[in-house]
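The values are calculated or read from the model by the stated rules, or taken from the named source; none is laboratory data. Values in this document were obtained by computation on a predicted structure and should not be read as measured data. Cβ coordinates were reconstructed from backbone atoms using ideal geometry, including for glycine residues, and neighbour counts include every protein chain displayed. Please note that ligands, DNA and RNA were not included when accessible areas were found on the heavy atoms of the full protein model with its side chains. Shrake-Rupley method; radii C 1.70, N 1.55, O 1.52, S 1.80 Å.
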Amino acid sequence: MLRVGIAGIGSIARVYLGLFAAGKIPGGRVTALSSRNMAHLTGARDAFCTPDTALFTDYEAMLHSGLVDVVMICTPHNRHVPMALQALKAGVHPLIEKPLAVDADEARALLAACKAHPELTAGVLYCRRASAAYQQVKQLAESGALGQLKRACWLITNLYRTPAYHASEPWRGSWKGEGGGLLLTQASHQLDLLTWLCGVPNEVTALCEFGAERAIQVENDVTLHMRWPGGATGQFIASSREFPGTNRLELSGSKGQLILENDRLFTLRRLAQDERDFARATTGYFGPIPFTEERWETPEEPNEAQQAGIVADFLAAVEGRRAPLCPVSDALGSLLATNAAYLSAWQGGTVLVPPPPGAYAAALAKRREKE
């Protein structure tokens with residue numbers, strides 16, 4: 001059984017601690033905690049851990065204590081990459097809370113370090129990949145059931161956050177503290193899934209509303225237009241200021257269409273003939289192409305089940321020396337798209353993915369200077 005250390009004892013760390021304590025994450029046990037706040041450490045140990053759990057106010061000391069095989073990094077966004085690099089150097093497997101980083105250039109340095117340490121496994125806690133529903137979508141897409149992708153659309157506007165939420169921590173809602181808004185936090189799960197299912201787009205055009213109806217600096221309403229190397233196009237529309245909102249993913253390909261609503265309601269339409277073959281052969285003007293329709297529903301899954309699933313998968317990946325559900329390379333892809341989206345919104349126009357090295361860091365620095 002792997003020994004797990006947790007760095008950063010905030011709200012998300014306490015969720016994972018609760019899952020370990022309830023026995024919902026097989027393959028590991030918490031042996032150490034790290035935080036600069038001793039009160040947080042003792043409170044977490046008393047609530048979730050055994051009395052012999054080691055407490056560290058020095059993260060490096062925990063890494064070199066010989067007490068941990070894996071470290072879960074649950075600190076603010078801008079600490080993720082530096083702390084993961086420290087873990088790799090110490091011979092400890094890092095599992096990083098999303099997002100991987102704020103700046104994709106920084107994340108590239110971590111990816112290079114991962115390649116230099118093939119004996120170690122590094123992953124990112126994009127827990128929606130552990131969802132049974134999105135595992136089905138992935139399987140259908142990879143099986144060729146939809147044919148060549150034509151369009152991907154995701155309307156994800158049920159991410160409602162109140163002013164009280166943004167005021168709950170001093171770092172929330174600012175470029176200096178959080179490093180981004182909706183794309184980097186609430187909707188980053190869906191953007192990660194979109195790049196997991198469809199690949200990383202090669203260009204993005206973004207319209208972002210910054211601080212719409214909320215006293216924050218970052219974006220809370222987003223419309224992205226994307227193009228993929230194979231010619232497919234797509235839209236990603238997200239908001240945290242609408243209620244009740246919508247969650248609808250639609251993938252359209254040459255062989256049919258897949259719709260997933262509210263993470264569990266499926267509609268699959270299979271064409272009797274690939275649209276490309278039909279278009280070449282028909283003399284008609286408007287079709288139609290015969291198709292069959294299937295509908296089914298997957299059981300509703302609580303967030304905690306997916307969170308437990310992604311951690312358990314990572315521990316199994318370490319033991320089995322295989323890639324985890326979300327390796328660093330995958331998380332870098334969605335971060336590149338996010339950085340390009342911010343540049344597009346700030347500068348206007350379309351931005352290629354990946355954006356030029358240093359371009360995002362320079363633009364972000366200007367926003368931070370203005371806060």
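Considering only residues that are at pLDDT 95 or above and either of a type in the set (F, W, Y) or open to solvent by 20 Å² or more (accessible area, probe 1.4 Å) (or both), look in segment 217-230 and name the one that is farthest from A345 (Cα to Cα). Among residues in segment 217-230 that are at pLDDT 95 or above and either of a type in the set (F, W, Y) or open to solvent by 20 Å² or more (accessible area, probe 1.4 Å) (or both), the one farthest from A345 (Cα to Cα) is P229. Residue pairs whose Cβ atoms lie under 6 Å apart, sitting 6 or more positions apart in sequence or on different chains, and linking a residue in segment 190-202 that is more than 17 Å from N262 (Cα to Cα) to a partner that is open to solvent by 30 Å² or more (accessible area, probe 1.4 Å) and part of a loop (DSSP other than H, G, I, E, B), are N202/P229.
For S143, state whether it is among the small types (G, A, S), open to solvent by 70 Å² or more (accessible area, probe 1.4 Å), on the phi < 0 side of the Ramachandran plot and at pLDDT 95 or above. Here the answer is yes, as S143 does meet what is asked. Look at (1) touching a helix residue (DSSP H, G or I) at 6+ places or on another chain (Cβ under 7 Å); (2) under 28 Å from E297 (Cα atoms); (3) not in a helix (DSSP H, G or I) and you find that V102 fails only one, number (2).
Listed residues A133, A164, A152; which is out of contact with any strand residue (DSSP E or B) (no Cβ under 6 Å at 6 or more places or on another chain) and either open to solvent by less than 30 Å² (accessible area, probe 1.4 Å) or more than 22 Å from I12 (Cα to Cα) (or both)?
Residue meeting the stated conditions: A133.
Which residue, of P229, P170, is assigned to a loop (DSSP other than H, G, I, E, B) and closer than 19 Å to E371 by Cα? None of the other options fit; the residue is P170.
Of the listed requirements (1) within 24 Å of the chain's Cα centre (by Cα); (2) closer than 19 Å to V124 by Cβ; (3) open to solvent by less than 40 Å² (accessible area, probe 1.4 Å), V68 misses just one: (1). Just to be sure before I move on: is T195 more than 16 Å from L159 (Cβ to Cβ), assigned to a strand (DSSP E or B), of a type outside the set (A, V, I, L, M) and at pLDDT 95 or above in the structure I sent? No: the conditions fail for T195.
Do the conditions hold for G181, that is, is it buried (at least 18 other Cβ atoms within 10 Å of the Cβ), touching an Asp or Glu at 6+ places or on another chain (Cβ under 7 Å) and modelled with pLDDT of 95 or more? Yes: the conditions hold for G181.
For K89, only one of the following conditions fails: (1) at pLDDT 95 or above; (2) in contact with a Pro (Cβ under 9 Å, 6 or more places away or on another chain); (3) open to solvent by 10 Å² or more (accessible area, probe 1.4 Å). What is its number? The one condition K89 does not meet is (2).
Candidates A32, A54, A47, A61: the one that is open to solvent by 30 Å² or more (accessible area, probe 1.4 Å), under 24 Å from T121 (Cβ atoms) and either touching a Gly at 6+ places or on another chain (Cβ under 8 Å) or not aromatic (F, W, Y) (or both) is A61.
Contact annotation: residue pairs with Cβ atoms under 8 Å, 6 or more positions apart or on different chains, pairing a residue in segment 86-110 that is farther than 28 Å from A362 by Cα with a partner that is among the hydroxyl-bearing types (S, T, Y), are H93/T121.
Checked against the criterion of being in contact (Cβ under 8 Å) with a residue 12 or more places away in the chain, hydrophobic (A, V, I, L, M, F, W, C) and within 13 Å of V311 (Cα to Cα), the candidates L2, L33 yield just one match: L2. If the condition is being in contact with a helix residue (DSSP H, G or I) (Cβ under 7 Å, 6 or more places away or on another chain) and either among the basic types (K, R) or open to solvent by less than 10 Å² (accessible area, probe 1.4 Å) (or both), then segment 109-121 contributes only L110. Could you list all residues from segment 64-88 that are under 24 Å from G18 (Cβ atoms) and of a type in the set (A, V, I, L, M, F, W, C)? If the condition is that a residue be under 24 Å from G18 (Cβ atoms) and of a type in the set (A, V, I, L, M, F, W, C), then L67, V68, V70, V71, M72, I73, C74, M83, A84, A87 are the ones that fit.
A quick yes/no check of all residues on (1) buried (at least 16 other Cβ atoms within 10 Å of the Cβ); (2) within 24 Å of the chain's Cα centre (by Cα):
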position	(1), (2)
Y285	no, no
P299	no, yes
E304	no, yes
V311	yes, yes
A316	yes, yes
L325	yes, yes
V328	yes, yes
